[in-house]
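Data first, discussion second: the structure below is written as structure tokens.
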Amino acid sequence: MAPDNDHDHDHSHDHDHDHDNHLSEMVLRVKALETLLVSKGLVDPAALDAMIDAYETKIGPRNGARVVAKAWTDPAYKARLMEDATAAIAELGYSGAQGEHMVVVENTPTVHNLVVCTLCSCYPWPVLGLPPVWYKSSAYRSRAVIDPRGVLQDFGLTVPDGVAVRVWDSTAEIRYLVLPERPAGTEGLSVEALEELVTRDTMVGTAKVTAP
Amino acid sequence: MNGVHDMGGMHGFGPVEPEANEPVFHAPWEGRVLAIRRALGAWRKWNIDAGRHSIETLPPADYLRMSYYEKWFASAIKLALGAGLITERELETGQRDPSVPVKTPPLTADKVMPAIMKGSPTHRETTARPRFAPGKAVRAREINPTGHTRLPRYVRGRQGTIERDHGAHVFPDSNSKFEGENPQYLYTVRFAARELWGESANPGDAVYLDLWEEYLDVA
């Protein structure tokens, strides 16, 4: 067994090394393109910095968590959210790129919703930020529609047979946000404390919100 | 096009592997690529549908091998070359063609957040009447266009039910070719999982897609 193990080790080591070389090549290629584009006056490097800062610090799943916690605690807001999600989400200051037309789908004791984009990786950026690697993976994009219950098992979530699974394939410019179920035992929590419970995956539909 | 990007229902890609505490970008170059592609988009030389098609037309083996941001990088170059913003020679040498005057970028730092907040809505006003009402049984057309389309293979020929009418939206199949927005009604269509995948699917499960009127027939 020992020689085989050594071989495996060497192999994976080489593979990692190739991977690192490949990534450092990307660093150089991206830098070269940016330098060319800046020299031609096609892009402003300060605008690139501002764009990156927006998605690293301003636009992410905490936005969606605010929407969810408000819907849980404000029935009139929830009604507006289910009727016209784009407008209701804009009330909290979130709008625009990759969330121009929003729809909210609600999880209940009998319905579990799951969002995917089988054709690319469409995702509701204003409320969830940029998509995680797994959402963009071939595995998720291929299986979410044909085997959603198996995909949920990959996340450790078992949906009982009696609960209907609804998969939303984002094939147009409508973007979907799952309104997860508010867990029992959270009646006394503040809106801020509720927001803390709402994770990204609960708003894509690959997890349930759990009480603290 | 019947491309490798149309992945719904394929087997063989293994389990989904979530990453704990995943960063927004795994390396700084990924953020630069995102920002470069969007900043180039501000020149309005192409649209989102043409942008998607530029990724779908990467060679299939490259598409499967590349990460998301590698695909965005390859796409940014294809789009910029195609629009004449850069030349092959400039790309090879890394040096700008001195005979072309230096331009002024349309997207400056102060315009980034307003541009993000505004986005690019695809809803359009129309005087046309919707062909289908919620509850109507429809069948996705069995079509195989060689250009860009948002009708996935796994629903073509299958019967579903109109769930919701979203009004008229820009039609990607024509917009991707710069042949006009051709706005037409967009519907959420519900397909029973058993209609798509057969008897092994859970009887209560369903898949919902947003499909344009031109993709649908009366069932």
Quiz item: If you average the sequence gap of Cα pairs under 8 Å that are 6 or more apart and divide by the length of the stretch A:126-212, what percent do you get for the contact order?
Solution: 26 percent
Exercise. In a Gaussian network model over chain A where Cα atoms closer than 10 Å are linked, find which of A:Arg29, A:Arg166, A:Arg62 has the largest mean-square fluctuation.
Key: A:Arg29
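Considering only protein heavy atoms, with the full assembly of protein chains and a 1.4 angstrom probe, order B:Glu90, A:Glu196 by accessible area, largest first.
Working: B:Glu90 5, A:Glu196 135 Å².
Result of the area sort, largest leading: A:Glu196, B:Glu90.
Using the Cα centre of the protein assembly as shown as the reference point, and only Cβ charges (+1 on K/R, -1 on D/E), how large is the resulting charge dipole? Debye, rounded to the nearest 20. Intermediate values should be presented prior to the final figure.
Details: 46 positive and 59 negative charges, 338 e Å.
Once rounded to the nearest 20, the dipole reads 1620 debye.
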Quiz item: By DSSP, what percent of the beta bridges with both residues in the protein assembly as shown are antiparallel, rounded to the nearest 5?
Solution: 60 percent
Quiz item: Okay, helix-only estimate at 222 nm for the protein assembly as shown: each DSSP H run of n ≥ 4 adds -39500 (n - 2.57), divide by all residues, round to 500 deg cm²/dmol; what do you get?
Solution: -12000 deg cm²/dmol
Self-check item: Cys residues of chain A counted as unpaired, since no other Cys beta-carbon is under 4.7 Å
Solution: A:Cys120
Self-check item: Amide hydrogen neighbours beyond the local backbone of A:Gln98, cut-off 5 Å, H modeled
Solution: B:Ser120
Exercise. In Å³ and rounded to a whole number, note down the convex hull volume per residue for the Cα atoms of the protein assembly as shown.
Key: 170 Å³
Self-check item: Candidate residues B:Met1, B:Met10: accessible-area rank, largest first, probe 1.4 Å
Solution: B:Met10, B:Met1
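So if the hydrodynamic radius of the stretch A:31-116 is defined as the Kirkwood radius over C-alpha pairs, what does Stokes-Einstein give as its diffusion coefficient at 25 °C and 0.890 mPa s, in µm² per second?
Rounded, D is 157 µm²/s.
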Self-check item: Tensor-based shape of the stretch A:37-78 (alpha-carbon gyration tensor, a/c under 1.5 rounded, otherwise prolate or oblate)
Solution: prolate
Quiz prompt | Per residue accessible area in Å² of the stretch A:136-179, where ligands, DNA and RNA are left out and the probe is 1.4 Å | solution = 27 Å²
Quiz prompt | HN-Hα J in Hz across the stretch B:37-52 - Karplus 6.51, -1.76, 1.60, θ = phi - 60°, x for Gly and Pro | solution = 5, 6, 5, 5, x, 5, 6, 6, 8, 8, 10, 4, 6, 5, x, 5
Exercise. DSSP loop (so not H, G, I, E, B), at most 13 other Cβ within 10 Å: list which GluC sites (Glu not before Pro) in the stretch B:127-219 pass both filters.
Key: B:Glu142, B:Glu179, B:Glu199
Quiz item: Per-residue HN-Hα couplings for the stretch B:207-212, Karplus 6.51 cos²θ - 1.76 cosθ + 1.60 at θ = phi - 60°, whole Hz, x for Gly and Pro?
Solution: 10, 10, 10, 9, 10, 7
Quiz item: For chain A, what does the alpha-carbon gyration tensor say about shape, rounded, prolate or oblate, given a ≥ b ≥ c as the root eigenvalues, a/c under 1.5 as rounded, and a/b over b/c as prolate?
Solution: oblate
Quiz item: Using modelled amide H (1.01 Å from N, peptide plane; none on Pro or chain starts), what sits under 5 Å from the amide H of A:Trp168, excluding residues fewer than 5 places away?
Solution: A:Leu114, A:Val115, A:Val116, B:Tyr208
Quiz item: Along the stretch B:119-124, what does the Karplus equation 6.51 cos²θ - 1.76 cosθ + 1.60 (θ = phi - 60°) give for ³J(HN,Hα), rounded to whole Hz, x for Gly and Pro?
Solution: x, 9, x, 10, 6, 9
Quiz item: Considering only A:Thr86, B:Ser176, B:Pro130, whose Cα is most displaced toward the positive end of the charge dipole of the protein assembly as shown, charges sitting on Cβ of Lys, Arg (+1) and Asp, Glu (-1)?
Solution: B:Pro130
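In debye to the nearest 20, how big a dipole does the stretch A:64-113 give about its Cα centre with +1 on each Lys and Arg Cβ and -1 on each Asp and Glu Cβ?
On the way: 4 positive and 6 negative charges, 33 e Å.
So the magnitude is around 160 debye.
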Exercise. For chain B, report the accessible area per residue in Å² (1.4 Å probe, heavy atoms, rounded to an integer).
Key: 48 Å²
Exercise. Return the percentage of antiparallel bridges among DSSP beta bridges fully within chain A, rounded to the nearest 5 %.
Key: 10 percent
Quiz prompt | Heavy-atom accessible area ranking, 1.4 Å probe, most first, across B:Leu211, B:Leu91 | solution = B:Leu91, B:Leu211
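Compute the relative contact order of the stretch A:74-188 as a whole-number percentage, counting only Cα pairs closer than 8 Å that sit 6 or more residues apart in sequence.
Values: 170 pairs, mean separation 40.2, N = 115.
About 35 percent, as a whole number.
What is the magnitude of the charge dipole of chain B about its Cα centre, with +1 placed on the Cβ of each Lys and Arg, -1 on the Cβ of each Asp and Glu, and no other charges, expressed in debye to the nearest 20?
Numbers: 28 positive and 28 negative charges, 108 e Å.
Dipole of chain B, to the nearest 20 debye: 520 debye.
Let a ≥ b ≥ c be the square roots of the eigenvalues of the Cα gyration tensor of the stretch A:110-172; is it rounded (a/c under 1.5), or, if not, prolate (a/b larger than b/c) or oblate? Walk me through the numbers before you get to the answer.
Details: a/c = 1.79, a/b = 1.59, b/c = 1.12.
Prolate shape, in that a/c is at least 1.5 and a/b is the bigger ratio.
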Practice problem: Summarise the accessible area of the stretch B:77-152 (1.4 Å probe, protein heavy atoms) by the percent that is carbon and sulfur. | Solution: 55 percent
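Over chain B, calculate the relative contact order: mean separation of alpha carbon pairs under 8 Å at least 6 apart, over the residue count, as a percent. Don't skip to the end; give the middle numbers.
Working: 273 pairs, mean separation 42.5, N = 219.
Across chain B, relative contact order equals 19 percent.
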Quiz item: If you build a Gaussian network model of chain B, linking Cα atoms that sit under 10 Å apart, which residue out of B:Pro145, B:Pro15, B:Pro105 swings the most?
Solution: B:Pro15
Quiz item: Which whole-angstrom value gives the distance between the alpha carbon centres of the stretch B:26-56 and the stretch A:84-102?
Solution: 22 Å
Practice problem: List every residue whose amide H lies under 5 Å from the amide H of A:Val198, counting only residues 5 or more places away in sequence or on a different chain, with H placed 1.01 Å from N in the peptide plane. | Solution: none
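Which net charge results for the neighbourhood of A:Val191, defined as the other residues with beta-carbon distances under 15 angstrom from its beta-carbon, given Lys and Arg at +1 and Asp and Glu at -1? Mind dumping the intermediate values first?
Details: positive: A:Arg62, A:Arg66, A:Lys70, A:Lys78, A:Arg182; negative: A:Asp74, A:Glu91, A:Glu187, A:Glu192, A:Glu195, A:Glu196.
That sum, taken over residues with Cβ under 15 Å, equals -1.
How big a patch of accessible area, both sides summed and in Å² to the nearest 100, lies buried between B and A at a 1.4 Å probe? Show your work: numbers first, answer last.
Values: alone 14040 and 12310 Å², together 19220 Å².
Between B and A, the summed buried area is about 7100 Å².
The values are calculated or read from the model by the stated rules, or taken from the named source; none is laboratory data. Everything numeric here is computed off the predicted structure, so don't read it as measured data. Every residue, glycine as well, gets a Cβ built from its backbone with ideal geometry; the counts of neighbours run over all protein chains shown. With ligands, DNA and RNA removed, areas are computed over all heavy atoms of the protein, side chains included. Shrake-Rupley method; radii C 1.70, N 1.55, O 1.52, S 1.80 Å.
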